[in-house]
Amino acid sequence: MKAAIAGITAIMLTAALAACGATSSGGSQATSGSAPGGNYLYTAAKVKGGVPVKAVAGWKPLHVAMFGYCACNSYTQSETQGMQRALDQLHNGSTLTFFDGKYSPTTQNNQIENAITSQKYNAFVVLPIDGASAAPAVRQAVQAGIKVGQASFPLGPGWDITDHSQVPGVVMSLLNSPTSDGKITGARTNVLCQGKSPCNVVVMTGPRSVPSEALRYGAVKAQLGSNVKIVSTCDGQYTASGGFTCMQDALQLTKNIDVVMSPSSDSELVGAQKALTAAGIKLGDQNAQGLFKFVGLGASQAAVTQIRAGLWDSSATWLGYPTLSTIMTMALYANVNGHGSEWPPAFNLNDISPIGSLADKESLANDPSYSGEWCC
């Protein structure tokens, strides 16, 4: 076994996460239905928006190892903090230990193997950096009796298989699809481009050498109508600073931009908005020419604020706390204590989202309390 790579408890992690840059990796909802079969106590309708987190007398506490992309990635930050927040509500000594994958599949796989060997944990939550390469280590965890939940993209080679786990024995799958990311954001861009020919669009992605980003960008291009002209495609690195640079570069090409969209990360649009403000250009409802409409990925707290203000058009929904975190916590808790049959092994994230697959003025008006489930 390779040398152990130490985990950091989420409590200790709080300061480190706050110090990290506000990067993000986008995600979108599963497009397949909840896993078929079984008479489950917990259905999509019952868990929509999250579930109460309560301890059960006589049940063992959870000791969760959480494997994230990187400690300075905002998705990892938010999901880790959300899981810790949910576990704290059990008030039964449950713990969470965070393992920083540092964007390295090899590092993450070693961490999973070492956590199995340590025999300290009865549950894992895996955000796979590379689902195919992480699958063998997760199989070992399942064989060792550890209850495993997966979030973000799937474990296994199939990026768009979201209605069940490709690794038998994984007890909860709350999965996103990069193809769905591209389809949802591309379809919304088409709506905004109706009646415009050409409709000039700037597309910001993450690194397209990453398989998920290639899938997202390919889905966007396949979705966009014939009247849509991509005037600039830029790797925003999932960050506000990357989006700022991308927007500045696009403005050097043309200021006649109808839509700025990202199928990858709201954070990139946060930076793009700053670049437009610095250039004295208004966006959204404030742009008299109807230019610079923003379509993002995540329905983050920042995006929801801007959509409600009329500055952004929309953002594909991405769940965190309370929906994803409380469901994952209670599903693992039940499985560790022999009550896993009450839970299906997967949920369609669109079915359990409080606002559906897209945050826009209409969906947010239907839920005035919704503020976004992850930051930023």
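The values are calculated or read from the model by the stated rules, or taken from the named source; none is laboratory data. From a predicted model like this one, the values you see are computed outputs, not experimental measurements. In this analysis, Cβ positions are derived from the backbone assuming ideal geometry, glycine residues included, and neighbour counts consider all displayed protein chains.
The criterion of being closer than 24 Å to W343 by Cα, modelled with pLDDT of 50 or more and not β-branched (V, I, T) does not hold for N73.
In the stretch 340-353, which residue that is surrounded by 19 or more Cβ atoms within 10 Å (Cβ to Cβ) and not small (G, A, S) is nearest to V51 (Cα to Cα)?
I352
In this structure, does V167 turn out to be among the aliphatic types (A, V, I, L, M), at pLDDT 95 or above, surrounded by fewer than 24 Cβ atoms within 10 Å (Cβ to Cβ) and out of contact with any Pro (no Cβ under 7 Å at 6 or more places or on another chain)? Taking the combined requirement at face value, the residue satisfies it. The criterion of at least 2 residues that are in contact (Cβ under 8 Å) with a residue 40 or more places away in the chain and crowded, with 23+ Cβ neighbours inside 10 Å is met by the following strands (runs of 3 or more DSSP E) wholly inside the stretch 190-278: 199-205, 259-261.
So is M83 assigned by TED's automatic domain parsing to the domain that holds P345 and under 24 Å from S267 (Cα atoms) or not? In short, yes.
Selection of the stretch 303-317 for residues being closer than 16 Å to S353 by Cα and not small (G, A, S) yields V304, T317. Kindly list, by first and then second residue, each pair from a residue in the stretch 318-334 that is free of Cβ contacts under 8 Å to residues at least 60 places away in the same chain to a residue that is among the acidic types (D, E), limited to pairs with Cβ atoms under 8 Å and residues at least 6 apart or on different chains. Sorted first by the residue in the stretch 318-334, then by its partner, the pairs are A334/E342.
So for the stretch 348-370 (the condition being outside the structural domain of E268 (by TED's automatic domain parsing), touching a His at 6+ places or on another chain (Cβ under 9 Å), over 19 Å from Y75 (Cβ atoms) and not β-branched (V, I, T)), does at least one residue qualify? The answer is no; no qualifying residue exists.
For the condition closer than 22 Å to I146 by Cβ, assigned by TED's automatic domain parsing to the domain that holds Q150, within 17 Å of the chain's Cα centre (by Cα) and among the polar types (S, T, N, Q), what is the one hit in T76, T97, T107? It would help to see each step written out before you state the result.
Numbers: T97 fails: within 17 Å of the chain's Cα centre (by Cα); T107 fails: within 17 Å of the chain's Cα centre (by Cα).
Only one candidate passes the filter, namely T76.
With respect to the conditions (1) in contact with a Ser or Thr (Cβ under 9 Å, 6 or more places away or on another chain); (2) among the polar types (S, T, N, Q); (3) under 20 Å from A359 (Cα atoms), S232 lacks only one, and its number is (3). Note on the stretch 37-145: enclosed helices (runs of 4 or more DSSP H) holding 1 or more residues that are closer than 24 Å to L349 by Cα are 44-47, 74-88, 131-143. Could we say that A303 is crowded, with 22+ Cβ neighbours inside 10 Å, touching a residue at least 12 places away in the same chain (Cβ under 8 Å) and of a type in the set (A, V, I, L, M, F, W, C) here? Yes, satisfied. Within the stretch 279-326, the residues that satisfy the criterion of being assigned to a strand (DSSP E or B) and among the polar types (S, T, N, Q) are S314, S315, T317.
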